[in-house]
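Presented below is the structure to which this report refers.
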Amino acid sequence: MAGELDYLPKLPRDKSIGIGCIGAGFIMSDCHLVAYRNAGFNPIAIAARRREQAESVAARHQIPHVYSDAVEMLANPAVEVVDVAVPPDLQLSMIREIVKHSSHIRGILAQKPLGANYAQAVEIVRLCRDAGVMLAVNQNMRYDQSVRACKSLLNRGDLGEPVLATIDMRAIPHWMPWQARQGWVTLRIMSIHHLDTFRYWFGDPVRVFASVRPDPRTKFPHEDGICLYILEYANGFRALGCDDVWAGPSKEGAAADIGIKWRIEGMTGLARGTIGWPSYPERTPSTLEYTTTQSPDWHRPSWDEVWFPDAFVGPMAQLLCALEDQAMPEIGGDDNLKTMALVEACYLSAREHRAVELDEILMCS
C-alpha cells in the first residue's frame, strides 16, 4: 500500500555532480554518506579538522580526495556542491568561505539549524543569494517516510480540512560536545524538526506560544530542555508539540518509555503514526495508519526504509534536482528562514510568557 502514497524523494537524472563534504562526524559518516552511496550520488572529497578521522570516513565510503583544511577542498574545481556538517555556530564563517568559490561551486546543503540563531540564518541566505549559489537546508525529517506519506494524504484531501495536529516526543538525545557552548539545546536541535514538519504539512502559523524548562539530566547551562508549544493558524487550526528530552528517569534506573508519536485529525479523516528514530541503530521504520469517513477501516501502509539513514537521500536529492531544473529547492534558504523564525519566536515566547506572532521575527530581517 505504500506505493499508493508519495513517500520517497524525487531523484536527479544526473547523479554525477561532485559533492564535497565538510565534517566527518556521525551525521556525515553514518547518515549522509551512507544515503548518498545507496542513492548513487557522487561524493568526491571530504575535509575535517581531524585528518585521520576524514581519512577513515573516506576509506569507508570510497571518497578519493581527503583534506585537513576545508579551504583546500573548496579550491578543487571538481567540487560543485558542498555538504556542510559543522556545528551551528561555525556555519556562518564556513559558508562565507564557500561562496568565495562560486566560480565552480553551485550549491550548498547546510545542516540545520541554519546558524546559531535567526540573525545568522538571514546572513547565510544573503551571502548565498549575492554569490549566486543555491542554498538548501538539511531539514531531513521532511523526508521521514511517515511524514512524507502523511503529506501525500493531506495533498490528496483524504483527511479533509485539518482540525488539530500533535507531535509528542519522549526521547533522550545524545547531546554532542559542541552543544554545551551554545546555551540552548532542544528548540534549535530537536523541536526544529517538528516545527518544520508542521510547516511542511500545514504552512505557516500566525503565532506560537511556547513554554520551556531545563532538562534535569543535562548538566551544562541551557534554558530549553523540555519544550511545549502551540501553533495557531488563521483558519482556527491548531498544532501542538511536546518535546520531552527527560522522558522519565530511565537512565537512572526506572523502566524506559521512549518514542515519538504524531497525530492529525481532519474533518473527514484521522491519521496517526510513529517515528522510528529513537530505536537507532536498530532499523525501525516509522509508521502510518489512517481512516476516513469514506473508507472507515484502518489503512496501514508499510515500507522498509527508515529515517536514519535512508531519509538523508531527500535533502541532497532536492538540491541536485533544483540545480538540474534551475528551480528553487524544496527546502531552500528562504523557506528555511521561516522555520528559523518560528524557532526564534518560541524562544521569545518562552522568555516573555506570551504568544509571539511569526511576523514579529520576520519583520526584523
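Read-outs: derived from the displayed coordinates by stated rules, not from any lab. Everything numeric in this text was worked out from a predicted model, so none of it was measured. Counting neighbours? That spans all protein chains shown, and the Cβs are built from the backbone with ideal geometry, glycine included.
Observations, loosely collected:
- Placing pseudo-labels 7 Å out from each Cα toward the beta carbon at SER302 and GLN62 gives an inter-label distance of 3.2 nm.
- For the range 82-144, DSSP calls about 0 percent of its internal beta bridges antiparallel.
- The fewest-to-most ranking of ASP310, ASP244, ASP83 by surrounding Cβ atoms within 10 Å reads ASP244, ASP310, ASP83.
- Legend: calculated FRET efficiency, HIS174 to MET267, from the Cβ-Cβ distance at R0 = 41 Å, rounded to 0.05, equals 0.55.
- In a fully extended conformation the segment linking SER279 and LEU164 would gain 38.7 nm over its present Cα-Cα distance, using 0.36 nm per residue.
- The HN-Hα couplings worked out from phi for the range 278-286 by the Karplus form 6.51 cos²θ - 1.76 cosθ + 1.60 (θ = phi - 60°) are x, 7, 3, x, 5, 7, 10, x, 5 Hz, whole numbers, x standing for Gly and Pro.
- Calculated Cα extents along the principal axes in Å (choose from [x] 66, 49, 40; [y] 96, 50, 35; [z] 56, 47, 46), label: [z]
- Full-extension gain in nm, SER103 to GLU223, via 0.36 nm per residue minus C-alpha separation: 39.0 nm
- Number of Lys pairs (Cα under 19 Å; 8 or more positions apart or on different chains) in the chain: 5
- The range 1-109: trypsin sites (Lys or Arg not before Pro) in DSSP loop, at most 10 other beta carbons within 10 Å: ARG13
- Of HIS299, HIS174, the sequence from fewest to most neighbouring Cβ atoms within 10 angstrom is HIS174, HIS299.
- With both residues required to sit in the chain, DSSP beta bridges show an antiparallel share near 55%.
- Length-normalised contact order for the chain - Cα pairs under 8 Å, 6+ apart - percent: 21 percent
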